[in-house]
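Written below as structure tokens is the structure these notes are about.
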Amino acid sequence: MNKVYIYDGDFLSLLNLIYYLIDKNIKPSNIKDEDYTPNLFEEVIKLNVSNYNTIEKYALNLGYSILRIIYYVYLSNNENKELILYYFCLNERKYKSKIIYRRDLKCVSEVLRISEYVSHENHKYKGFVRFKELKNKVLYAEIEPVNNILFLISEHFAKRLSSEYFIIKDVKRNIISIYDKKEFTIVMDDEFVLATDKLSENENLVVDLWKVFYKTIGISERKNDRCRQNFMPKRYWKYIVEVSDEL
């Protein structure tokens, strides 16, 4: 029977489990978060590794760039990301900081590919997030990313809009990030829905002006929809006010 090891779902819990398995020379069939539903041929095992001090033992020795790559893979929607990270960390024991140059290893090439994909989506959303002003002067935006990048997006806007209150909702995952001019907190939320009566008096005017500006600066003779979609794929358009009407 295949043994599937379960972790709590957070990043540190995953690292604790991975390095525990490596230290104990345990080769898992798979690693999944606590929401995983096993099939009839799988045995689910949850170990108590909460006191396994991964950060001090291993993570700090990885270096910032490698730890960042691992974290980005954790944020991805790849269904096999945990097992891929297990083999990546296992090989890191052997190759140390040179692990990222071993693209001949499948786990390394997969980790780098997934990390780059998450990084690329994060970069895109920094330019595609559109805030709306609510009556209470809080800025509100909705996103629907493929990967779980709400933390990365919130970190970016906490620096860029440090003097504003804002809320960003990941519609796909029903989680919201709330920023209070000091720090942001990410919580689950199934109830918050933006209604038009929550918008400030000037918000609709600003939206209309922005749409007019967008159309005015465009040159119809040079319009190239294929080129535009390369830079701004249609999956982003739903929450981008200047092009949402075109859907």
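With respect to (1) part of a loop (DSSP other than H, G, I, E, B); (2) surrounded by fewer than 16 Cβ atoms within 10 Å (Cβ to Cβ), the lone exception for Lys159 is condition (1).
Scanning the range 169-177 finds no residues that are assigned to a helix (DSSP H, G or I) and in contact with a strand residue (DSSP E or B) (Cβ under 8 Å, 6 or more places away or on another chain). For the range 205-241, the set of residues classified as in a helix (DSSP H, G or I), under 18 Å from Lys124 (Cβ atoms) and touching a residue at least 60 places away in the same chain (Cβ under 8 Å) consists of Arg235, Tyr236, Lys238, Tyr239, Val241, listed by residue number. As a summary of the residue check, Ala158 satisfies the conditions (1) within 19 Å of the chain's Cα centre (by Cα); (2) among the hydrophobic types (A, V, I, L, M, F, W, C); (3) within 25 Å of Asn78 (Cα to Cα) except for the one numbered (3). Tell me, please, whether a residue that is out of contact with any His (no Cβ under 9 Å at 6 or more places or on another chain), under 25 Å from Lys198 (Cβ atoms), crowded, with 18+ Cβ neighbours inside 10 Å and basic (Lys, Arg) can be found in the range 131-141. The answer is yes, given that some residue of the range 131-141 is out of contact with any His (no Cβ under 9 Å at 6 or more places or on another chain), under 25 Å from Lys198 (Cβ atoms), crowded, with 18+ Cβ neighbours inside 10 Å and basic (Lys, Arg). Of the helices (runs of 4 or more DSSP H) contained entirely in the range 59-132, those carrying at least 3 residues that are within 30 Å of Glu242 (Cα to Cα) and of a type in the set (D, E, K, R) fall at 106-128.
Any read-out appearing in this document is the output of simple, stated calculations on the displayed coordinates, not a laboratory observation. All values reported here derive from a predicted model rather than from experimental measurement. Please note: Cβ atoms are built from the backbone with ideal geometry, for glycine as well, and neighbour counts cover all protein chains shown.
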